[in-house]
Amino acid sequence: MADWIPAQVIANRHWNQDLFSLSLRANIEPFKAGQFTKLGIMIGDNLIQRAYSFVNPPQQADIEIYATRVADGLLSPRLHALQAGDTVQISARASGFFTLEEIANSQHLWLFATGTAIGPYLSILGQKEVWHKYRKIILIHAVRYAADLSYQAEISALKQQYGDQLIVQPFVSREPAPLCLTGRIPQAIADGLLERHVGLYLSAEHSQVMLCGNPQMVRDTKAVLEAKGLTKNLRRTPGQITMEHYW
């Protein structure tokens with residue numbers, strides 16, 4: 001059971017009609033970049049709860065959660081409506097193994113995300129360790145519309161700080177958008193479009209891959225990567241593919 005404590009809302013940033021980021025303050029236990037917590041709100045006699053990844057790196061004092069409002073959801077519309085000064089319940093202890101220490105050293109780290117699943121990568125990229133561990137980091141973020149590409153200022157700041165060590169490639173599936181690829185991530189890997197576009201190649205020898213987001217994307221991308229010789233990363237049998245389904 002989660003060890004629930006109150007968290008005070010510091011800010012609620014609405015990126016568009018449905019996407020939002022909660023900044024919270026709570027006395028949680030230390031966590032690792034890539035892990036998740038749980039948020040909850042009492043509705044009647046029940047605590048309605050859901051898991052959310054940390055966007056902030058562990059050294060940052062305020063907690064940040066990136067989420068989307070689901071119109072008929074029990075929890076997300078209430079989180080979306082929170083204002084500064086409100087309180088929400090949070091788990092004091094983080095969970096999850098989608099962390100850098102579970103992944104081997106390699107030349108290239110590929111980070112694939114759909115939607116709000118970019119959150120844990122922003123937490124990971126806020127750590128100095130990742131920039132010492134990999135020569136190149138490729139951040140792939142797939143969304144439906146260009147307006148869903150949140151955290152552009154933060155990503156631009158990382159690009160400015162780390163230069164060519166960071167390659168960023170967005171995908172937008174439902175409209176044309178400047179500098180963005182269209183279609184689905186698995187197909188862009190299968191036909192070589194993504195590798196040609198970023199100028200690097202996915203291989204078991206030189207690549208570590210993290211997949212986070214829509215379960216269909218995760219499954220299909222894993223299958224395409226396995227066809228290229230990469231394998232699932234397990235503690236007993238280390239490989240190159242580390243996965244996190246986001247719902």
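Say we look at segment 105-150 and pick out the residues that are part of a helix (DSSP H, G or I) and β-branched (Val, Ile, Thr); which of these is most open to solvent (accessible area, probe 1.4 Å)? Lay out the reasoning, then the answer.
Start the filter on segment 105-150 by keeping residues that are part of a helix (DSSP H, G or I), which leaves 115-125, 128-133, 146-148.
Keeping just the survivors that are β-branched (Val, Ile, Thr) gives 116, 118, 124, 130.
Details: 116: 21, 118: 0, 124: 2, 130: 0 Å².
Filtering segment 105-150 for residues that are part of a helix (DSSP H, G or I) and β-branched (Val, Ile, Thr), the one most open to solvent (accessible area, probe 1.4 Å) comes out as 116.
Of the residues in segment 178-204, how many are loosely packed, with under 14 Cβ neighbours inside 10 Å and either on the phi > 0 side of the Ramachandran plot or of a type in the set (Lys, Arg) (or both)?
4
How many residues are within 24 Å of residue 211 (Cβ to Cβ) and surrounded by 19 or more Cβ atoms within 10 Å (Cβ to Cβ) when one looks only at segment 58-81?
Residues that pass the stated criteria total 5.
Would you call residue 175 acidic (Asp, Glu) and within 16 Å of the chain's Cα centre (by Cα)? Explain how you work it out, then say what you get.
On the way: acidic (Asp, Glu): yes; within 16 Å of the chain's Cα centre (by Cα): no.
Spelling it out, it is not the case that residue 175 is acidic (Asp, Glu) and within 16 Å of the chain's Cα centre (by Cα).
Can you tell me how many residues in segment 213-247 are surrounded by 15 or more Cβ atoms within 10 Å (Cβ to Cβ) and in a loop (DSSP other than H, G, I, E, B)?
Residues flagged as surrounded by 15 or more Cβ atoms within 10 Å (Cβ to Cβ) and in a loop (DSSP other than H, G, I, E, B) within segment 213-247 amount to 7.
Can you tell me which of 51, 84 is surrounded by fewer than 19 Cβ atoms within 10 Å (Cβ to Cβ) and either part of a loop (DSSP other than H, G, I, E, B) or in the same structural domain as residue 204 (by the TED database) (or both)? Please lay out each step first, then the result.
Details: 51 fails: either part of a loop (DSSP other than H, G, I, E, B) or in the same structural domain as residue 204 (by the TED database) (or both).
Just a single option satisfies the conditions, and that option is 84.
Out of segment 4-29, which residues are out of contact with any helix residue (DSSP H, G or I) (no Cβ under 7 Å at 6 or more places or on another chain), touching a residue at least 60 places away in the same chain (Cβ under 8 Å) and under 28 Å from residue 129 (Cα atoms)?
Of segment 4-29, the ones out of contact with any helix residue (DSSP H, G or I) (no Cβ under 7 Å at 6 or more places or on another chain) are 4-15, 17-18, 21, 23-29.
Subsequent filtering for residues that are touching a residue at least 60 places away in the same chain (Cβ under 8 Å) retains 4-12, 14-15, 18, 21, 24, 26-29.
Result: 21, 24, 26, 27, 28, 29.
Looking only at segment 13-23, decide whether some residue is of a type in the set (Phe, Trp, Tyr), closer than 30 Å to residue 233 by Cβ and in a strand (DSSP E or B). Walk me through it before giving the result.
Keep residues of segment 13-23 that are of a type in the set (Phe, Trp, Tyr), which gives 15, 20.
From the residues that got through so far, the ones that are closer than 30 Å to residue 233 by Cβ too are none.
No.
The values are calculated or read from the model by the stated rules, or taken from the named source; none is laboratory data. A quick note: this is a predicted structure, and the numbers were derived from the prediction, not measured. Ideal geometry is used to build each Cβ from the backbone, glycine not excepted, and the neighbour counts take in all protein chains shown. Note: areas computed on protein heavy atoms with side chains; ligands, DNA, RNA excluded. Shrake-Rupley method; radii C 1.70, N 1.55, O 1.52, S 1.80 Å.
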